[in-house]
1. Could you tell me which numbered condition Val136 fails, if it satisfies all but one of (1) within 24 Å of Ala474 (Cα to Cα); (2) of a type in the set (A, V, I, L, M); (3) touching a Cys at 6+ places or on another chain (Cβ under 6 Å)?
2. Please note which strands (runs of 3 or more DSSP E) are completely contained in the stretch 14-86 and include at least 2 residues that are under 24 Å from the mean Cα position of the chain (by Cα).
3. Quick one: how many residues across the stretch 371-392 are in contact with a Leu (Cβ under 9 Å, 6 or more places away or on another chain) and not aliphatic (A, V, I, L, M)?
4. If I go through the stretch 84-125 residue by residue, how many of them are within 20 Å of Tyr472 (Cβ to Cβ), without any contact (Cβ under 8 Å) to a residue 24 or more places away in the chain and not hydrophobic (A, V, I, L, M, F, W, C)?
5. Going by the structure shown, is Phe378 in a loop (DSSP other than H, G, I, E, B), in contact with a helix residue (DSSP H, G or I) (Cβ under 8 Å, 6 or more places away or on another chain) and surrounded by 20 or more Cβ atoms within 10 Å (Cβ to Cβ)?
6. Looking at the stretch 320-339, which of its residues are under 30 Å from Glu384 (Cβ atoms) and either acidic (Asp, Glu) or free of Cβ contacts under 8 Å to residues at least 12 places away in the same chain (or both)?
7. For residues that are more than 17 Å from Pro165 (Cα to Cα), open to solvent by 10 Å² or more (accessible area, probe 1.4 Å) and either touching a strand residue (DSSP E or B) at 6+ places or on another chain (Cβ under 6 Å) or touching a residue at least 60 places away in the same chain (Cβ under 8 Å) (or both), tally how many sit in the stretch 245-265.
8. Go through the stretch 67-122 and give me each residue that's charged (D, E, K, R) and closer than 20 Å to Leu203 by Cβ.
Amino acid sequence: MEQAGEASVAAAVETWGAGRRRRATATRVGDVTNPATGAVIRRVPLCNAADVHAAVEAAAAAFPRWRDTPPLRRARLMQSFLQLLQENRQELAHLVTEEHGKTLPDAMGSVQRGLEVVEFVCGIPQLLKGERSESVSSGVDCHTARQSVGVCAGITPFNFPAMVPLWMFPVAIACGNTFVLKPSEKVPSAAMRMAELLTEAGLPDGVFNVVHGDREAADAILDHPGVRAVSFVGSTPIARHVYETCAKNGKRVQALGGAKNHAVVLPDADLELAADALIGAAYGSAGERCMAISAVVAVGAAADPLVALLEKKAEAIPVGPGDREGTEMGPLVTRQHRDRVAGYVDQGVKEGAKLVVDGRRLEVPGHEAGFFLGPTLFDGVRPEMEIYRDEIFGPVLVVLRCEGLEDAIDLVNRNPYANGTAIFTASGGAARRFENEIQVGMVGINVPIPVPAAFYSFGGWKDSLFGDLHVYGADGVRFYTRTKVVTTRWPHQGTPAPGLSMPTLG
């Protein structure tokens, strides 16, 4: 971090407010690096409370007119935005690869998954329909209406610069709210490009706004009285802070936290299929995703052959810059994060786990300054070890062993995180028992990363979610709307006047 105004060849990122790019008033700036080269490619303002206030004011000014825009018109605008996303998804993917480091195919896939949420909200007129009952009492009717909340905000992580924001703001905007987005300061450019596309689609000025920054900007959002609802995705300690601060300030909140996702592999599973699935789930996006499988629970006789397959496949993963053809795993997002993950590998060795594949010594010719760490595999891991207890958020897969399905279920259920889990088996009975008894929010049966489709909702249990409603899907619509119940009576001549007693139905 340095003070604004210092000479640099890196491009300056601006904020987005009232339908145009704006210079921040903040004097602090941060570096945006290309993880494959280590080079600083942009400078991003670390916005202050004044910058956040300007964005909220723009959103508040735009809210009344947007709230009163018919849902069908909002849906048509989302259809235009959807088309622009489709036309520009390769550009968005390149921005994601450049700033985050993930491979281009992985980035394209993440943009596609976000795009599917926009497809979902193109049906917003149907999703906002209320209920109606006639004659709940003599001459009395009742109906409900879903109405917008006001200015909403999203605070999103570095690992999915396009997808996670697309889980939030399209739903909020389609429901008639205005929005302030604070993407991670490590990956600001995809958010700015989506702001341009929204304006091109015809979104009125001020409905969507972007600020950048670190905790100062985030706390300004949490404390701003004009923000009515906050969506957050990040680590569990910060998610808890977001939830508690919003609750204290009277805001509705959905705060998604960390994960330690388990995959249970039974002896009757197709081990080749399971190993392929686990390799993709553990090392895709360099393990920097909250739905990564980071812990394998190998049951009984499955353990030895499964570990042998994982070792062989992990060692064969091509690692390099994300925009290079043939690369299947890119670098980690920053040097500091790479060093943190490598520190966990050191700790695992100290704790006595068996290091089967060591990614610390990986070298990528021509990219020596990049933030690379190769696929890493541990066996013989015990629940008390740090490499099991903590969310590492990197390409580190740990294998634990147990004797039976009951022990595996108990192990998963004892973990404080409960985002996603999976089981690999050929037994319908075992899968059904796992599905019913596991205390985790998203479950895969022979599916390694059970991220729900856009017309369902995404969210975990326990320390992986703070709040009552999950993101996108039906829960997203519920979160970004308030239900109003209207009771109607049209009296006619002879209708008795209300008395002092409690009115009853009938």
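The values are calculated or read from the model by the stated rules, or taken from the named source; none is laboratory data. Model, not experiment: these values are computed from the prediction. Methodologically, a virtual Cβ is constructed for each residue, glycine included, from the backbone with ideal geometry; neighbour enumeration extends over all protein chains shown. The area values use the complete protein model at the heavy-atom level, side chains included, leaving out ligands, DNA and RNA. Shrake-Rupley method; radii C 1.70, N 1.55, O 1.52, S 1.80 Å.
1. (1)
2. 15-17, 28-33, 40-45
3. Residues flagged as in contact with a Leu (Cβ under 9 Å, 6 or more places away or on another chain) and not aliphatic (A, V, I, L, M) within the stretch 371-392 amount to 11.
4. Residues flagged as within 20 Å of Tyr472 (Cβ to Cβ), without any contact (Cβ under 8 Å) to a residue 24 or more places away in the chain and not hydrophobic (A, V, I, L, M, F, W, C) within the stretch 84-125 amount to 2.
5. So Phe378 fails the test.
6. Gln336, Asp339, listed by residue number.
7. Matching residues across the stretch 245-265 total 2.
8. Passing the criteria: Arg67, Asp68, Arg73, Arg74, Arg76, Glu87, Arg89, Glu91, Glu116, Glu119.
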